[in-house]
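Report on the following structure.
The values are calculated or read from the model by the stated rules, or taken from the named source; none is laboratory data. Please read all numbers here as calculations on a predicted model, not as lab measurements. All Cβ positions, glycine included, derive from the backbone under ideal geometry; neighbour counts span all protein chains shown.
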Amino acid sequence: MATYILRSGRVAWSGRLKYGVSSQVIQPNPPPVRLFSACSVCLRSWDRPQGIDDALGKSQGAPQAVLSPAGLQLQKPLLNNSADPVKTFRDRLQAGSTDLETTRVCLQVYYDRLTKVKRAERRTMIQNDNIGGLSLQWLWSEQRRWVRAVTSDVMSLQRICYFAVAESLDDLLVQSLALPLPPLLDQAEEALDTHQWRGAVLREIIRSHLMLDSNSSADEAIDKFFKVADLVLVARSAPLRPKSPLARTSLYPAEVELIKQLCTTRFYKTDPARYDNFARFVAGGKRFTQFTGAQLALAHPTLPDAQPALSYAHKFVEPLSKPELQRHFPT
């Protein structure tokens, strides 16, 4: 039986449901999975989405930074396990020879090694090593370091936020959103110094909460999102001039990240009230679409609703019932 596959509002024709969710994909089998299996419309990407479980071993789409000869020399013993990334980073800090590349290499190797640690034990391990706190302390000791990290080094930003959240330092990251950044002297670097980094930091905070979760719940991530959203909205409505830099923080990158991960149904133990509150927030935004609403309704943790998805798909499928097109789609 032929099946429609939906991707970004386009209908394709296939002999089967590609990457359809079944009880073998997610265990234990939450209610949304049974509904997804029965539904002939798949509101997912054409390519199988990367699971949040894979995020520790991959860069989440961040560009791979090119290392200098000194960086490669530092990386080699770390990769073959003849040196410890935390000890190496501490030693470099003590010797005063740390730079952004050293920080990136040490954090990345340590990050990759966490894939061999059980998810429930990762947070404790990170807290004991305190590499996130050390990194932030070094970066914030000189403003130019933080500027470069948040505006031109995506990979370092991802790792720093991940370890900071694991060490319960994310409130400090949120406070950094309200700090004005000084302009860089180099013209090429100065072009990167925009307010976009604030939205990127918030997105990484939310993503890190989701990655560190071991209970199939997005409650912490949703709570953090609304905590920051309240601060941003208050800053935007303040009568003071000039407004706080916090007011320039875009919530949209973090919002998109939450939508994407909630719709994987991995977080099926999310509190329904929190989920509904987030769905209402999304629905009230200027960029809300019927497609997004259908995704969120279909992935609801306790009351999944396929009707919005079917209604959305129907307006694309209905034109195919015209006589002049039926010969192209034999039943």
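Residue-wise test of (1) surrounded by fewer than 12 Cβ atoms within 10 Å (Cβ to Cβ); (2) part of a loop (DSSP other than H, G, I, E, B); (3) at pLDDT below 85; (4) on the phi < 0 side of the Ramachandran plot.
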| residue | (1), (2), (3), (4) |
| --- | --- |
| Trp46 | no, yes, yes, yes |
| Gln50 | no, yes, yes, yes |
| Leu56 | no, no, yes, yes |
| Pro77 | no, no, no, yes |
| Asp91 | no, no, no, yes |
| Ser97 | yes, yes, no, yes |
| Glu101 | no, no, no, yes |
Next item on the list: Within the stretch 145-177, work out how many residues are part of a loop (DSSP other than H, G, I, E, B) and aliphatic (A, V, I, L, M).
Entry: 2
Checklist line | Pick from the stretch 212-251, criterion touching a His at 6+ places or on another chain (Cβ under 9 Å), part of a helix (DSSP H, G or I) and at pLDDT below 95, ranking: surrounded by the most Cβ atoms within 10 Å (Cβ to Cβ) | finding: Arg248
Checklist line | Search result, residues across the stretch 109-120 that are among the charged types (D, E, K, R) and either crowded, with 21+ Cβ neighbours inside 10 Å or at pLDDT below 90 (or both) | finding: Lys116, Lys118, Arg119
Notebook entry, point to check: Given the structure, is Leu173 within 17 Å of Ser244 (Cβ to Cβ) and under 18 Å from the mean Cα position of the chain (by Cα)?
Noted result: yes
Next item on the list: Could you tell me which of the residues Asp219, Asp276 is within 25 Å of the chain's Cα centre (by Cα) and over 30 Å from Leu172 (Cβ atoms)?
Entry: Asp276
Check: Which residues, counting only those in the stretch 252-293, are in contact (Cβ under 8 Å) with a residue 60 or more places away in the chain, assigned to a helix (DSSP H, G or I) and basic (Lys, Arg)?
Finding: Lys260
Next item on the list: Output the residues belonging to the stretch 124-144 that are surrounded by fewer than 19 Cβ atoms within 10 Å (Cβ to Cβ) and assigned to a helix (DSSP H, G or I).
Entry: Thr124, Met125, Gln127, Asn128, Gly133, Gln137, Trp140, Gln143, Arg144
Check: Name the pairs: first residue in the stretch 178-206 and in a helix (DSSP H, G or I) and modelled with pLDDT under 50, second residue surrounded by 17 or more Cβ atoms within 10 Å (Cβ to Cβ) and among the hydroxyl-bearing types (Ser, Thr, Tyr), Cβ to Cβ under 9 Å, at least 6 apart or on different chains?
Finding: Glu189/Thr151; Glu189/Ser152
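Given the residues Cys106, Cys42, which is the only one that is surrounded by 18 or more Cβ atoms within 10 Å (Cβ to Cβ), within 27 Å of the chain's Cα centre (by Cα) and at pLDDT 90 or above?
Of the residues listed, the single one that is surrounded by 18 or more Cβ atoms within 10 Å (Cβ to Cβ), within 27 Å of the chain's Cα centre (by Cα) and at pLDDT 90 or above is Cys106.
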Check: Which one of these does His314 not meet: (1) buried (at least 20 other Cβ atoms within 10 Å of the Cβ); (2) over 19 Å from the mean Cα position of the chain (by Cα)?
Finding: (1)
Checklist line | Condition check for Ser156: within 21 Å of the chain's Cα centre (by Cα), buried (at least 21 other Cβ atoms within 10 Å of the Cβ) and at pLDDT below 90 | finding: yes
